[in-house]
Each structure stands twice: as structure tokens, then as C-alpha cells.
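Presented below is the structure to which this report refers.
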Amino acid sequence: MLDKPPARTPPAAKLIACPPRRQAKPADPCAMVIFGATGDLTKRLVVPALYNLLRTSVLPKQFALIGVARSDETVESWRDQLYDMLKSFVGRAGAEFNADHIDEDAWKQLAAKMTYVRGDLTKPELYDNLRDVLSKAEKTQGTRGNVIFYLAIADRLFGAVVEQLGKAKLTDQSEDQSGKRPFWRRVVIEKPFGHSLDSARELNASIQRTLHEDQIFRIDHFLGKDTVQNIMAFRFANGLFEPIWNRDRIDHVQITAAETVGVEERGSFYEATGALRDMVPNHLFTLLSMVAMEPPTGFDAAAIRSKKAELLAAIPAVTAAEAVRGQYDAGVVLGKQVRAYREEPDVARDSNVETYVAMRAEIDNWRWAGVPFYLRTGKRLSRRSTEIAICFKQAPYAAFQDTPVDSLRPNWLVMSIAPDEGISLQFEVKRRGPVMDLAAVKMDFRYDDWFRKEPNVGYETLLYDVMIGDPTLFMRADMVEQTWRIVQPVLDAWTR
């Protein structure tokens with residue numbers, strides 16, 4: 001009979017001998033231009049993140065938000081759409097933006113900073129108009145000429161929009177007589193950044209004809225999560241773990257991003273993308289690089305990104321024999337009947353696109369040689385979970401060979417990214433009683449037990465980092481190309 005664990009009582013939330021919480025430094029005054037202002041991404045994530053930044057006094061007071069799209073909207077109707085979407089999240093469990101009410105004063109402050117520009121993203125006339133709007137924002141909102149161009153648009157338009165921005169000289173950063181730039185211009189590019197190694201190289205070459213690398217912020221909302229950023233803190237701030245973080249003590253690593261939702265209304269996007277392109281080169285390799293990178297010389301952007309790039313370069317390309325794929329069928333998920341992938345809107349009835357992928361990768365360096373890393377992701381799975389599970393090698397059995405113990409389980413360290421945020425460590429202990437009887441137990445750290453919950457959709461930290469010019473959490477061109485290099489043989493095999 002299994003022992004029944006006692007009811008869990010959360011610890012008193014008292015931090016142990018830590019310095020006072022640091023406040024974020026003020027962001028630079030700036031204007032933010034969102035291309036694709038009426039799209040789902042803007043309504044569901046980007047604007048809620050800006051609203052959260054304003055409520056927490058991180059958004060600069062001197063700020064302008066300029067929406068650009070082809071839709072025949074006015075600034076009033078655009079604001080109303082954004083507000084309605086924000087309001088629709090209130091009280092919805094599991095929504096990215098989780099709030100019990102809307103702070104009307106905060107919303108009015110953000111709404112007052114909004115302007116809407118209608119136009120065709122491929123036409124020069126739009127960019128001439130945009131220059132005038134930015135000039136006005138500089139005078140009325142005090143943005144000092146600093147501009148973020150956010151590309152929340154279809155990836156096929158990335159190169160064309162950056163080219164038009166360059167032709168209109170909207171991305172130029174002039175220098176004064178002392179060699180300093182009086183203002184900055186930065187471009188945020190959403191995923192997918194390419195669909196293959198060749199397309200990623202072409203896109204990098206295209207945008208680098210207009211932009212310097214320090215102007216480009218390739219965004220991955222996974223990196224906005226505190227639990228993802230905590231991976232480096234956990235590894236490098238604790239002397240207990242780093243000495244055993246290698247092939248001598250670790251048997252294998254499992255990285256999982258499982259979703260219960262299906263493709264739903266994104267059928268046309270998913271038909272051209274699939275689970276591998278959608279999740280592996282960006283989200284899963286991001287987690288892998290943070291788990292496996294070498295210690296940086298400092299926590300500045302250059303040091304951290306260089307170590308991540310070295311790690312990615314040390315991963316041999318994955319072969320088709322090391323990867324499997326699947327596609328969800330009709331069934332029951334979380335007690336509800338769901339349809340098959342091929343029955344989703346805009347999906348071909350004979351589609352061979354994968355909604356599940358798993359692969360085995362290795363890292364050919366001194367720390368990790370011989371340690372397999374298992375990556376898996378999929379939709380319509382039995383439960384939602386993003387986690388990193390590290391399996392340590394089993395202890396020697398000799399000491400227990402004359403006892404009732406017939407096997408020794410490995411120790412597990414599990415970093416839970418979402419929806420539960422925390423870290424657990426599983427290890428063996430002796431049960432109470434006269435015989436040597438082992439049982440596996442867990443020690444749990446949960447963010448909610450120790451820290452106050454803060455409004456976060458995953459974009460707040462990333463948008464703030466763009467405003468202060470910190471590229472630490474963004475991919476460099478060479479890093480993007482390395483991730484596609486690793487999976488390209490699998491893509492080639494699956495498209496034959």
C-alpha cells in the first residue's frame with residue numbers, strides 16, 4: 001500500500017537574507033510603431049503588455065503608440081478594439097492576460113498616446129506619412145526621435161517592410177560631432193525567422209542591408225518568462241549545482257513543451273509551418289541553450305549570447321532517424337471532445353503536416369559529450385506543460401545488495417516553466433520502520449509561495465529590454481542560422 005503524503009502547507013513567504021528588490025531603470029522616451037496593428041498578436045499580447053508596463057510605472061511617460069495596418073480604421077475604432085479585447089480577458093482563467101478588472105485610468109493614459117495610420121505596407125507613400133506622424137509625436141509626446149518598429153506581420157513581409165523603412169531613411173541613426181547618436185531606431189521581428197536554413201540566411205542578409213545587427217531584436221516570447229530567465233540564475237548563482245552539471249553526473253535531459261489546445265483558427269499558418277518549425281528552432285533550442293551553455297564571464301549581452309552561440313555550434317545536425325512526428329486525431333482532451341487536425345479549418349484533408357515532434361540531440365563538447373537531450377512538443381496532448389527534466393545517473397547499488405531494496409531510482413531535477421512555475425528535486429529517503437525500505441520524495445519550490453504574482457503576458461520584459469537597448473534575451477543572426485542548421489536534415493527528409 002502506497003504511503004499517503006500529508007496535506008501540503010505552503011511555507012511562510014519570508015525571503016532569506018537577500019538584498020532589497022531592485023527597481024527597473026527608466027526606459028528611454030520613445031515612439032513604438034506596430035505594423036499589423038489590427039492583428040491578433042497586437043490585441044492579445046503586445047498591447048496588454050504595454051498596459052501592464054504602464055500600470056507598473058515602467059513604460060516611459062514620454063511615449064507614443066502608432067498603429068499601422070491596411071484596415072479602414074480610425075484611431076477611435078482601433079482603441080475600442082484593443083479595449084474590448086483587454087476587457088474580454090477579465091476573469092478568464094488560463095488567458096495570457098490575467099486580470100480581475102481593468103484599471104480605467106491606466107487605460108485612458110495609454111489610449112491618449114495612440115495614433116492610427118492606414119496604408120499599404122509595400123507602398124512608399126505610407127512611410128512618407130509615417131515620417132510626419134513620428135515628427136509630430138516627437139514634438140507632442142517628447143519621444144526625442146527614438147523609435148521602435150514592431151513587425152507583428154506575416155513573415156513574408158519582414159524583408160519588404162525593413163527595405164521600405166530604409167528607403168524612407170526611418171532607420172537611419174546619425175551621429176553628432178562628438179560621435180554620439182542623438183536618437184536610436186530599433187526593429188523588432190516576430191517569429192518565424194525563416195522556414196529553413198537557406199531562408200533564414202536570406203532574411204538575415206536582406207535586413208542587414210538596411211540595419212546594423214544592434215538595431216535588430218528577433219523576439220521570442222518564451223524568453224520573457226521569469227522561469228526561463230531563472231534557469232541561468234539557478235545554475236550560476238548556486239555553488240551546489242554547477243559542479244554536477246555535466247556528463248559525469250547527468251544521464252540525460254528532457255525538454256517538453258506540451259499543449260492541450262489544437263490548431264483551431266490557425267490552420268493555414270500551421271499547414272505551412274508544422275510543429276517542428278513552429279517550436280523547435282526557437283522555443284526548445286532557447287531552453288536547451290540556457291540549460292547547457294558554459295558559464296559566461298559576466299551577465300552582459302555579449303558574454304551571454306556568445307556562450308549560447310558556442311553551444312548551438314557544438315550541436316551536430318539531427319538526422320531523420322533521430323526524430324519522430326505525429327498528428328492529432330479526434331478524441332477527448334480535458335474531458336471535451338475535440339476534432340482531428342485534418343478536420344480543422346483551412347487544413348487539407350490529406351495533410352501530412354506534423355502537430356507533434358520529438359527528437360534526440362547531442363552536444364559535442366567536453367561538458368556534454370554522450371548525454372542525450374530529448375526534445376518534444378505537440379498540440380492536443382493530455383495536459384499543458386512546459387518543463388525541463390534533468391535525470392541524474394543512478395547511485396551505486398552495492399551498498400544495498402543485502403537489503404530489501406532491489407533497485408535505485410535516479411534523482412530528477414525538474415524546472416517547470418508553465419503553467420506551474422517552480423523547481424522540484426526528487427531523491428531517495430528511507431521510510432520509517434525497521435527495514436531499509438527506500439521511497440522517492442520531492443522538495444518543491446513554487447514561485448507563488450514566495451513571490452507576489454505580477455501581471456505578465458510574456459512580452460513585458462522583452463519590450464522593456466528593447467526600450468533600454470539590452471539585446472541579452474534576443475537571438476543574433478548567427479544563432480538563428482545555427483538552429484536551422486541543426487534541424488535542416490529532418491526538414492529535408494520530411495518534405496521528400
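Descriptive notes on the structure:
- Looking only at segment 375-399, residues that are surrounded by fewer than 16 Cβ atoms within 10 Å (Cβ to Cβ) and outside any loop (DSSP other than H, G, I, E, B) come to 2 in all.
- Filtered by the rule that a residue be polar (S, T, N, Q) and either open to solvent by 70 Å² or more (accessible area, probe 1.4 Å) or more than 30 Å from Val187 (Cβ to Cβ) (or both), segment 416-472 gives Ser416, Ser424, Gln426.
- Residue check, Glu454 of a type in the set (D, E, K, R) and modelled with pLDDT under 80: yes
- Residue list for segment 224-271, restricted to those being in a helix (DSSP H, G or I), over 30 Å from Asp465 (Cβ atoms) and at pLDDT 90 or above: Pro243, Ile244, Glu271
- Arg201, sole failed condition from (1) of a type in the set (D, E, K, R); (2) farther than 19 Å from Val466 by Cβ; (3) more than 28 Å from the chain's Cα centre (by Cα): (3)
- Identity of the residue in segment 461-489, in a helix (DSSP H, G or I) and hydroxyl-bearing (Ser, Thr, Tyr), that ends up modelled with the highest pLDDT: Thr483
- The one condition from (1) closer than 28 Å to Met279 by Cα; (2) open to solvent by 20 Å² or more (accessible area, probe 1.4 Å); (3) small (Gly, Ala, Ser) that Ala200 does not meet is (2).
- Selection within segment 102-129 - in a helix (DSSP H, G or I), closer than 16 Å to Met32 by Cα and open to solvent by 50 Å² or more (accessible area, probe 1.4 Å): Gln109, Asn129
- Neighbours by Cβ (under 8 Å, 6+ apart or cross-chain): first from segment 72-89, without any contact (Cβ under 8 Å) to a residue 24 or more places away in the chain; second not basic (Lys, Arg): Lys87/Ile102
- Hits in segment 133-161 - residues which are crowded, with 16+ Cβ neighbours inside 10 Å and under 14 Å from Val68 (Cβ atoms): Val133, Leu134, Ala137, Val147, Ile148, Phe149, Tyr150, Leu151, Ala152, Ile153, Val161
- Sub-9 Å Cβ pairs linking a first residue in segment 368-386 that is over 15 Å from Val318 (Cα atoms) and in contact (Cβ under 8 Å) with a residue 24 or more places away in the chain to a second residue that is of a type in the set (Phe, Trp, Tyr) and part of a loop (DSSP other than H, G, I, E, B), at least 6 apart or interchain, are Gly378/Tyr328; Lys379/Tyr328; Arg380/Tyr328; Leu381/Tyr328, ordered by first then second residue.
- Qualifying residue in segment 65-74 (condition: farther than 30 Å from Ser268 by Cα and open to solvent by 50 Å² or more (accessible area, probe 1.4 Å)): no
- Boolean, Asp448 is assigned to a helix (DSSP H, G or I), modelled with pLDDT of 90 or more, within 22 Å of the chain's Cα centre (by Cα) and farther than 23 Å from Thr377 by Cβ: no
- Considering segment 212-244, the residues that are open to solvent by less than 20 Å² (accessible area, probe 1.4 Å) and either farther than 25 Å from Thr461 by Cβ or among the basic types (Lys, Arg) (or both) include one that is farthest from the chain's Cα centre (by Cα), namely Arg235.
- Flag for Phe149 being under 26 Å from the mean Cα position of the chain (by Cα) and part of a strand (DSSP E or B): yes
- Met290 vs. criteria among the hydrophobic types (A, V, I, L, M, F, W, C), modelled with pLDDT under 95 and open to solvent by less than 10 Å² (accessible area, probe 1.4 Å): yes
- Subset of segment 354-396 [at pLDDT 95 or above, closer than 17 Å to Asp278 by Cα and among the β-branched types (Val, Ile, Thr)]: Thr355, Val357, Thr377
The values are calculated or read from the model by the stated rules, or taken from the named source; none is laboratory data. Note that the coordinates shown come from a computational prediction; the quantities given were computed from them, not determined experimentally. Here Cβ is always computed from backbone atoms with ideal geometry, including for glycine, and neighbour counts include all displayed protein chains. Each accessible area value is taken on the protein alone, full model and side chains, heavy atoms only, with ligands, DNA and RNA left out. Shrake-Rupley method; radii C 1.70, N 1.55, O 1.52, S 1.80 Å.
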